[in-house]
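Peer 1: Below: one structure in structure tokens.
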Amino acid sequence: MPIFIISLRFIEEGLPFMSNSLSVFALTLFALIAFAANSILCRLALGAEQVDPASFTALRLLAGAIALYACVTLQARQRPKLVFRPAMAGLLFGYAACFSFAYVSMSTGAGALLLFGVVQLTMLLASWLKGEGLTGRVLMGTGFAFCGLVYLLLPSAEAPSLTSSILMVVSGVGWGLYSLLGVAASRPLLITLSNFCFSLPLAGLLLIGFYVISGHWHLSVWGALYATASGAIASGLGYAVWYKALPYLKGKKAASVQLSVPIIAGVGGWLFMTEPLSARFLIASVAVLGGVYIAISAKNVN
């Protein structure tokens, strides 16, 4: 708890001995590690069967709502007034639920890469549907990224299961659409808090449905800790830190630095769960992340 409070104070005021550029770097690095940690924590919990995916989802969203409430209250110096956006709350829940169920049988790096690739492709497709022209570089980058995802999912002993892959694709589409709906929000942290809070009834329904179908819940102490850390630190605090750093990052730079998230997640899976960094994963990473970089760099050229 003291560490969490200190982190909140840093978000609000920064550290006096750090320059502005160093503070932005520290905030950005923390946010990127936090985003990757979601995959690592989820896989630690579900891969070792420390918790069932429905309980992980519910506890993650609850812990995230509490952490975000603390962040928003600290910044506003008063109790926040929630904003009801049902579509965004539904998409957030869908992303979190599919994310958890996918990681029951998917490696950390493959899941993060598939999620990230689908999110970026969803946003590029949405831009095209809105009438934004697609240049040759955008098409080339999108093609590279798509081929990388196809290669990652080609049947083999290293490929994720079909069910897990479909769930992660749905999760990525949900997060991409969620990001598009929130891109113009004037108070993104308050909107994020509101969406976490309004997603909780759906998480409750998921818990009930899971119990009816499976006949049990499972939540160990470690499972609860992993889910709480994923919600409070990797999600809630991670978003708060990211939104603090975002005004100092140009659109192109903000998109580019996120390319490191799947790599961080893959290295985390290797360090904490001895998951191999296979040649397939590395080749797919180069294709997906390189393709996304080509597309977003071309898309943001003024």
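The values are calculated or read from the model by the stated rules, or taken from the named source; none is laboratory data. Here the structure is a predicted model, which is why all the values come from computation and not from measurement. Reconstructed Cβ throughout: ideal geometry from the backbone, glycine too, with neighbour counts over all protein chains shown.
Peer 1: Tell me which residues, restricted to the stretch 217-231, are of a type outside the set (A, V, I, L, M) and surrounded by fewer than 17 Cβ atoms within 10 Å (Cβ to Cβ).
Peer 2: 217, 218, 220, 222
Peer 1: Modelled with pLDDT under 90, more than 23 Å from residue 191 (Cα to Cα) and not in a helix (DSSP H, G or I) - does that describe any residue in the stretch 48-56?
Peer 2: Yes - at least one qualifying residue is present in the stretch 48-56.
Peer 1: Check residue 131 against each of (1) of a type in the set (Gly, Ala, Ser); (2) in contact (Cβ under 8 Å) with a residue 24 or more places away in the chain; (3) not in a helix (DSSP H, G or I) and name the one condition it does not meet.
Peer 2: It fails just one condition, (2).
Peer 1: Given the structure, is residue 256 under 17 Å from residue 27 (Cβ atoms) and either modelled with pLDDT of 85 or more or not in a helix (DSSP H, G or I) (or both)?
Peer 2: So residue 256 fails the test.
Peer 1: Looking at the stretch 269-286, which of the residues that are in contact with an Asp or Glu (Cβ under 9 Å, 6 or more places away or on another chain) and crowded, with 19+ Cβ neighbours inside 10 Å is modelled with the lowest pLDDT?
Peer 2: So the residue we want is 281.
Peer 1: While we're on this one: Just to be sure before I move on: is residue 180 surrounded by fewer than 20 Cβ atoms within 10 Å (Cβ to Cβ) and modelled with pLDDT of 95 or more in the structure I sent?
Peer 2: No: the conditions fail for residue 180.
Peer 1: Would you point out which residue out of 171, 214 is at pLDDT 85 or above, of a type in the set (Gly, Ala, Ser) and crowded, with 22+ Cβ neighbours inside 10 Å?
Peer 2: Exactly one of 171, 214 is at pLDDT 85 or above, of a type in the set (Gly, Ala, Ser) and crowded, with 22+ Cβ neighbours inside 10 Å, namely 171.
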